[in-house]
Every structure is written in C-alpha cells, then in structure tokens.
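Enquirer: Pasting a structure here, questions to come.
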Amino acid sequence: MVDPAKELLDLLNIETLEVDLFRGTGLGGETTKRIFGGHVIAQALMAAYRTVPDRLCHSLHAYFIRPGDPSIPVIYSVDRARDGGSFTTRRVVAIQHGKQILNLSASFHSDEDGWHHQHSAPKVAGPEGLASRAERRAAQADTVDDHLRADFLRPRPIEVREVKPQDLFDPKPLDDVNQMWFRMPAAQGQGAPMQHCLLAYASDMNLLGSALRPHGISWFRGGVVTASLDHAMWFHGPIQFENWHLYAMDSPFTGHGRGFNRGTIYAEDGSLVASVAQDGLVRRYRKPEAR
C-alpha cells in the first residue's frame, strides 16, 4: 500500500524542466476526480521557492481558473517579477492542456526584528479524545454507495480531528465557526519551504465547508456545487507541521452564489503561524434541462 504522506512529499518535490519551468504530478493527495485546490497551490508555491533560495514566503494570493485534470502533469511557469533588498516577488502560472488552471503571486521577505502582538488562540478541546477523520468515515462507510466506498475510506496524508464536525450525510444547520486540529507526522525533518508548502496544501481543507455549515448543506448529500475561486495566505511564524495545529475558521458571509471564509492557524503552544482567506463558489445544483 502506498504511504499517503510519502506520496504527498513526493508530489511536492516537483521536477525542474528548464530555467523557471517545472512539472508536478496531478494525481494523488486529497481527491481523485479533480485536482485538490491545495495541491496546485502547494506545487505552485514550491515552484516559486525553487527560484528563491534565501528568503521565506510571507504571503501568497492565488486564483483558480479551471478545474485541474489529475490524469496528466501540471506545468508551472515562474516569472521572476522582482528581487529587491528585502522582498522578492514571484508570479506562477499553472498550465494543463495548454490553458491556465491557476495564477499565483507570492512574496518572500528577509527575516527582520520588529514589534510583535497576536490574537490569542480560541479555547477549544484539544486533539486528544477527538475522533479522527478516518474513524468518523469508517463509522459511516455503510452509508456510502459501494462504488464510492473505497475512495471515501482511502487513507489521506493529513491527520484531521474536527472539534464540532457536521454530519456528512444528515447535516443540520450549525454555527459557521469551524475548527479542527491537523498535522502530518511525516513532515518532521523537512525544511522551512516544504513546511510552508505542506501547510498551504492543508489550508484548503474544510475551509469552504465553513460557508455551508449555517445552511445544513453537505457535499455528500448533493444539491450544491462548490469550488474554490481564490485563496490568500499569510505566514507569520515558524511551522513544524509534524505537530498538531489548530485551524480556526469561520464564514462571515455567504450570498450571490459565493461563500467567503477566513482561517487562522495556531501551533499547539498558541503561536499564530498563518492566516487564510478564501472566496468559494456555493451554487445550488440544477439538473441540465432536457433538449
């Protein structure tokens, strides 16, 4: 059996084709039907990192343009927009079938001393004693159609424990506050660029679900079409993703077929290490009209 964590690390170890041109696999990670959004973000960030040897990313902004095809590789073209005294800027275009599927801009910063403050982490139950995603899915496996069960139960690289999970198959309206613990023990020993890419990958997990919670909607019940539209992330401190991190999310607004979601990521000691924002498609599913 393939180790999903090793598969993810291999997936982010993209291939250099030429100067500023890279290739990543489209298959693996969270999904099999289309490429997971965090997958493309993380590979694009790694492509940018391959051209910035001496600084760490402090922010990225990405637009999802087309769904990714997991059956073929993704080509990443990096534009070295600027190398300044303190900041470096890169633009990355992800391409499949000759068309753009994602545009990403990333800024890198030399480490500096300065004033510091942060909001405190919310008080929630710790990861110990919470059911894992794998345990919750195993308990509901009989609810899934036979042809979907293997993919539903497939091991995934990130360990997830939700604080107040929504029932996947019988969702009820809940508060938009959406919290989970996550980690990947296989991240131990990885350098800062890979730690950033792993957290960027994981930051797309469950975030759009925040916009669904108040409406009692679940992907597994159908009736809704969702997709990430854009994704922004800011890195604030060192990341050791082999340890538990709290992802505290909410959705201040859903309307006009979109849901806006925010997230803050804290290390287990309460240090704020990243912030996230995302707008996503939240559209009622309508069957195509017969012609």
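The values are calculated or read from the model by the stated rules, or taken from the named source; none is laboratory data. Bear in mind the structure is a predicted one, so any value in this text is a computation, not a measurement. Backbone-built Cβ (ideal geometry, glycine too); neighbour counts: all protein chains shown. Protein only, heavy atoms only, side chains kept; ligands, DNA and RNA dropped before computing areas. Shrake-Rupley method; radii C 1.70, N 1.55, O 1.52, S 1.80 Å.
Here's the yes/no breakdown for (1) touching a strand residue (DSSP E or B) at 6+ places or on another chain (Cβ under 7 Å); (2) at pLDDT 95 or above; (3) not hydroxyl-bearing (S, T, Y):
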{"residue": "V78", "(1), (2), (3)": "yes, yes, yes"}
{"residue": "A81", "(1), (2), (3)": "yes, yes, yes"}
{"residue": "G85", "(1), (2), (3)": "no, yes, yes"}
{"residue": "R90", "(1), (2), (3)": "yes, yes, yes"}
{"residue": "V93", "(1), (2), (3)": "yes, yes, yes"}
{"residue": "H97", "(1), (2), (3)": "no, yes, yes"}
{"residue": "S107", "(1), (2), (3)": "yes, yes, no"}
{"residue": "Q118", "(1), (2), (3)": "yes, yes, yes"}
{"residue": "P122", "(1), (2), (3)": "yes, yes, yes"}
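Enquirer: Every residue in segment 98-153 that is free of Cβ contacts under 8 Å to residues at least 24 places away in the same chain, open to solvent by 90 Å² or more (accessible area, probe 1.4 Å) and under 20 Å from L272 (Cβ atoms), please.
Expert: D113, W115, H116, H117, K123
Enquirer: Okay, moving on. Hey, could you check segment 138-177 for residues that are at pLDDT 90 or above and basic (K, R) and say which is nearest to the chain's Cα centre (by Cα)?
Expert: Among those residues, the one meeting the criterion is R156.
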